[in-house]
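The values are calculated or read from the model by the stated rules, or taken from the named source; none is laboratory data. For clarity, every value in this text was computed on a predicted model and none was experimentally measured. In this analysis, Cβ positions are derived from the backbone assuming ideal geometry, glycine residues included, and neighbour counts consider all displayed protein chains. Heavy atoms of the whole protein, side chains included, go into the accessibility calculation; ligands, DNA and RNA do not. Shrake-Rupley method; radii C 1.70, N 1.55, O 1.52, S 1.80 Å.
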Amino acid sequence: MTRVLIHVEGQTEETFVNQVLAPHLYDRGYTKVSARLLGNARQRDHRGGIRPWPVVRGDILRHLREDRDGLATTMIDYYALPQTGAGPWPGRAEASALPSGAAATQRAATVEAALAADLGHAMGSDFDPARFVPFVVMHEFEGLLFSDCEAFGRGIGRPDLGPRFEAIRTRFATPEDINDSPITAPSKRVEGLVPGYQKPLLGTLAALAIGIDAIRRACPHFEQWLERLDRWSGRTRPP
């Protein structure tokens, strides 16, 4: 049996896993694909959001110890990951300190390597590091939606915005490079064009319209993550 639990940041990512990612993974041979919101699942009003690292770390460690044959991964936004104060995330400050021209994949890899090292140390020397596949979305979920700007506009019922989304997309090497300042983060750009943008609803509709294949073609870091998940299942993607 091939099981994976994906620790996600919020409701949008949870729905993306259940409706977009899970069918892909089941087709690759997984027998169980689950999403779990970070934090206390019994307190619905407080679920989601980027939690301090010690809280998230505890969730992931419990899962890895309870299911000795399962795989754990994450789907959390790089944007707004805590760097200082209570519960900073490993590697986030180092990633921010990289030169301004550093690629999104380099920043993500810096955080993910630090997360893997921290979890691996906590699990002990007999832990198989392949069982934890940290994934940091660059720079946030909305960035992935720029993978197909025409489908993005169509999915949210605003086909007229396709060219305007494309005008943003073409300024960057990949959708994952759309930057993360409080003004120019992907979600801020979307909100500027779609007042009242409702991430859980519209983000999911857009992702369904775009499809996972278009996202992985346009987003190299997302593609690397799926490749690792595909390999874990022991099956290769069909041509």
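Looking only at the range 71-93, which residues are on the phi < 0 side of the Ramachandran plot and more than 19 Å from the chain's Cα centre (by Cα)? THR84, ALA86 - these are the residues of the range 71-93 that are on the phi < 0 side of the Ramachandran plot and more than 19 Å from the chain's Cα centre (by Cα). Considering only residues that are buried (at least 17 other Cβ atoms within 10 Å of the Cβ) and in contact with a Lys or Arg (Cβ under 8 Å, 6 or more places away or on another chain), look in the range 15-30 and name the one that is farthest from GLY211 (Cα to Cα). The selected residue is TYR30.
Residues that are within 15 Å of ARG68 (Cβ to Cβ), of a type outside the set (Lys, Arg) and touching a strand residue (DSSP E or B) at 6+ places or on another chain (Cβ under 9 Å) within the range 121-136 comprise MET123, ALA130, PHE132, listed in sequence order. Please go through the range 7-35 and give me each residue that is among the aromatic types (Phe, Trp, Tyr), outside any loop (DSSP other than H, G, I, E, B) and farther than 16 Å from GLU142 by Cβ, ordered by number. Listed by number, the list holds a single entry, TYR26. Just so you know, in the range 108-160 the residues that are part of a helix (DSSP H, G or I) and among the charged types (D, E, K, R) include one that is least open to solvent (accessible area, probe 1.4 Å), and it is GLU142.
Taking the range 171-239 and the helices (runs of 4 or more DSSP H) fully enclosed by it, the elements with 1 or more residues that are β-branched (Val, Ile, Thr) and open to solvent by less than 70 Å² (accessible area, probe 1.4 Å) are at 186-193, 204-210, 212-218. Filtering ILE60, ILE50 for residues that are β-branched (Val, Ile, Thr), in contact (Cβ under 8 Å) with a residue 12 or more places away in the chain, open to solvent by less than 50 Å² (accessible area, probe 1.4 Å) and assigned to a loop (DSSP other than H, G, I, E, B) leaves a single hit, ILE50.
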